[in-house]
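In what follows, a structure is listed as structure tokens, so that the remarks can point back to it.
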Amino acid sequence: MSKHIQAIRGMHDILPEVMPHWHHLEDNARRILTNYGYAEIRTPIVEMSELFKRSIGEVTDIVEKEMYSFEDRNGDQLSLRPEGTASCVRAVIEHGLVMQTQRLWYRGPMFRHERPQRGRYRQFNQIGAEVFGLTGPDIDLELILLTARLWQDLGLNGLRLELNSLGDPEERRRYREDLVAFLSARRAHLDPESQRRLETNPLRVLDAKHPETQAAIADAPSLLEHLGETSRTHFATIRQGLDQAGIAYRINTRLVRGLDYYNRTVFEWITEDLGAQGTVCAGGRYDGLVEQLGGRATPAVGFALGMERLVELIALAEPTRRARAHAYLVAVGERAEAASMPLAERLRDALPQLCLIRHSGGGSFKSQFKKADKSGARCALILGESELEQDLIGVKSLRDDSGQQQFDFDTLVAFLARELGGDPNQT
RNA sequence: GUGGACGUAGCUCAGGUGGUAGAGCGCAGGAUUGUGAUUCCUGUGGUCGUGGGUUCGAGCCCCAUCGUCCACCCCA
């Protein structure tokens, strides 16, 4: 084993057997995003390190210790992207897309140098959406409803929505003062990491899991009570919309998110079925980020979902999902083997939707039928000496006992056309 | 970065106190010389993660190292 070259720690292969679950997620996500009017954008996976430092925040864990950074040959400091929002904002500014409202989505690998565990990888995939140029709470709501629809269409139940508002920068500054005063008085009861955060990023102390710290901050002041009229209304409107849509949620005043750029709305979708890494999708509003990165002041909201985590949930809900061919072409004997490729191509010409596997490698009828069955195909097409002599093709169903029939080419095409009703890539 | 568990066949795993490796599944073939999925039979399969050490002898004991998993931290 150790003599073989292995995949890098935390960077996993996604094997064919789980691919149907990935396609299930990707197909549904793309369909829903497209139908809501979101346009896809693809950005490089490498950016200037500075981009992430300025957007995510210098004192966040991601920037402090999780980035894959290196120096380019010309001396530039580059990093593999640890998340998608920064790149997306950069691209939007660079191409002048902020001049009009934009609904965008992206998909791709992200990189963070953390210790791997269940649901957490060093290379992992996200689907994200970002909306630029709209301040209204309706767009925050739209994003949440969109994700809720995705879970529904994926067949996922049991995801919990948690919601909070971080207010605007001024409200947060006032709250921060109150909080620092509160925490400083209890400094001795905080764990060392929280004591450090008290200096660097006091809001993050709120979501510390450390039991003693939690006890010490049990009656800490609430950010929601520091919200001004506008923020309060913004939050209330979202809550009304969720109620109206019949989507249950929980207010979590401890929810502050790990990245610095959020304001007002933040939300997470959480599962209990994946162990310690329960957050499957998270997002929020970041009205200051575009300006902070050099664009003209533009409000923005977005979310990102972790594809590995969702795929695991999808597999849990429907373990048997697999790709199935429509037909598997069996050919025994020299003449039949020679005839099978032209036959397969004629069928593909006649039926572009046909998913047909042509047997290769010879073998007896028995062994070819075994392969046909393993492939998951609905039926076997049979080409042997007797079929060749009569200029017919045998068709045997592999999924029921409807027996075997002989068709000429045109009748076979008509028969297969009827079989094509369903999607070959689903169960 | 910290802690714990674990690395034996392609996969899932057995292998009391050290005596030169087993099962199921898979794969190949046969029972059924033109037919799968069921059943029965046969066969195929492993430098026991790697490197050292102790011993007459190590899958088992000791040390180191690499890797995997789970949790902490943090996050999608």
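With respect to the stated conditions, residue A:14 is surrounded by fewer than 14 Cβ atoms within 10 Å (Cβ to Cβ), without any contact (Cβ under 8 Å) to a residue 12 or more places away in the chain, under 15 Å from the mean Cα position of the chain (by Cα) and over 22 Å from residue A:86 (Cα atoms).
Would you call residue A:409 aromatic (Phe, Trp, Tyr), more than 9 Å from RNA strand B (Cβ to nearest atom), outside the structural domain of residue A:24 (by TED's automatic domain parsing) and touching a residue at least 24 places away in the same chain (Cβ under 8 Å)? For residue A:409, the condition - aromatic (Phe, Trp, Tyr), more than 9 Å from RNA strand B (Cβ to nearest atom), outside the structural domain of residue A:24 (by TED's automatic domain parsing) and touching a residue at least 24 places away in the same chain (Cβ under 8 Å) - is met. Residue A:344 falls short of the stated requirement of being within 16 Å of residue A:415 (Cβ to Cβ) and out of contact with any Leu (no Cβ under 6 Å at 6 or more places or on another chain). Selection within the stretch A:388-410: residues that are over 16 Å from residue A:373 (Cα atoms) and touching a strand residue (DSSP E or B) at 6+ places or on another chain (Cβ under 9 Å). The member of this set that is surrounded by the most Cβ atoms within 10 Å (Cβ to Cβ) is A:393. Conditions: (1) part of a loop (DSSP other than H, G, I, E, B); (2) modelled with pLDDT under 95; (3) exposed (fewer than 13 other Cβ atoms within 10 Å of the Cβ). Residue A:70 meets all but one. Number of the miss? For residue A:70, the failing item is (1). With respect to the stated conditions, residue A:353 fails to be crowded, with 18+ Cβ neighbours inside 10 Å and closer than 30 Å to residue A:394 by Cβ.
Going by the conditions given, is residue A:29 loosely packed, with under 13 Cβ neighbours inside 10 Å and either in contact (Cβ under 8 Å) with a residue 60 or more places away in the chain or at positive phi (or both)? Criteria not met by residue A:29. Just one of A:304, A:325, A:297 is within 14 Å of RNA strand B (Cβ to nearest atom) and either closer than 21 Å to residue A:397 by Cα or not in a strand (DSSP E or B) (or both); which is it? Answer to the selection: A:325.
Is there a residue in the stretch A:369-383 that is farther than 23 Å from residue A:321 by Cα and either surrounded by fewer than 16 Cβ atoms within 10 Å (Cβ to Cβ) or of a type in the set (S, T, N, Q) (or both)? Checked against the condition, which is being farther than 23 Å from residue A:321 by Cα and either surrounded by fewer than 16 Cβ atoms within 10 Å (Cβ to Cβ) or of a type in the set (S, T, N, Q) (or both), the stretch A:369-383 yields no hits at all.
The values are calculated or read from the model by the stated rules, or taken from the named source; none is laboratory data. Treat the numbers as computed from the prediction; the structure is a model and nothing was measured. No Cβ is skipped: glycine too gets one built from the backbone with ideal geometry, and neighbour counts run over all protein chains shown.
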